[in-house]
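Let me begin by presenting the structure, written as structure tokens, before commenting on it.
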């Protein structure tokens, strides 16, 4: 595994690998035009001697896209059914051959580690959704992952599923980080996903699931996304959530959302964001 991070240096951002800055001309968009074998070879040969100590920013470039998948866990299906006022459309989605896939964010709107996510002022019920987020090159190859927070306004989507874009796409609705783990897809299956929400420094909600509880395989989701749609600079794919707080819970400004996974080699990655 190779760990890529993006940092805010004076006037620009700069990528690093394994904690050391890559050459100034390096960019992720160009990297994701390459096939998987070439990506691994390049990252193993690029020199790096300057330690990357500047603040982290989201591991995505401005013009890259984030797409998201819904109702890929039984827990998500049950939660969507409970909130919905219009019947069992989510049961139909869960059982259908075609997955639910929707646009989530453009790169410049994504929050990174430590940057705030937001709750909508016109929504009374808001939750974070911790998600394994695949990093996919232009050739439809999964080249690694990052952690994602797919912020969701449950009261808006529950009123009518056609309001999904408003529930899911707004300023501060998407976070990615802390960086990108370059890894083979088989290295990132069946990992644990944990979420903790802190309020006034104390846990207000904790939950955990495993990626093995997903109904759909990574490759299936990516394949449907790439049908009739090209991603010349790669794409980020949120794979759905299996952790949903109870109906009595809603986020508040000042909360802190902490999402974590641990790889099969016992490496821990954490995405943490305050709520504004």
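Cα-based values for the range 1-52, radius of gyration first and Dmax second, are 10.8, 33 Å. Indicate, rounded to the nearest 5 percent, the antiparallel portion of the DSSP beta bridges found entirely in the chain. Antiparallel: roughly 90 percent of the beta bridges in the chain.
With respect to the chain, whose longest principal axis is taken over its alpha-carbon atoms, helix 74-83 is tilted by about 50°. For 226, 102, 236, the sequence from fewest to most other C-beta atoms within 10 Å is 102, 226, 236.
The angle between the Cα long axis of helix 36-45 and the main principal axis of the chain comes to about 50°, on a 0 to 90 degree scale. Between residue 96 and residue 2, the contour length at 0.36 nm per residue exceeds the Cα-Cα span by 30.3 nm. Per residue, the convex hull spanned by the alpha carbons of the range 109-167 comes to 115 Å³. The sum of -39500 (n - 2.57) across all DSSP H runs of n ≥ 4, divided by the residue count of the chain, sets its helix-only mean residue ellipticity at 222 nm to -4500 deg cm²/dmol. With contacts taken as Cα pairs under 8 Å and at least 6 residues apart, the chain reaches a relative contact order of 24 percent. For the chain, the extents of the C-alpha atoms along the principal axes are 55, 43, 33 Å, listed from largest to smallest.
Just so you know, all these numbers are worked out from the coordinates, no wet-lab data involved. Here the structure is a predicted model, which is why all the values come from computation and not from measurement. Cβ: placed from backbone, ideal geometry, glycine included. Neighbour counts: every protein chain shown.
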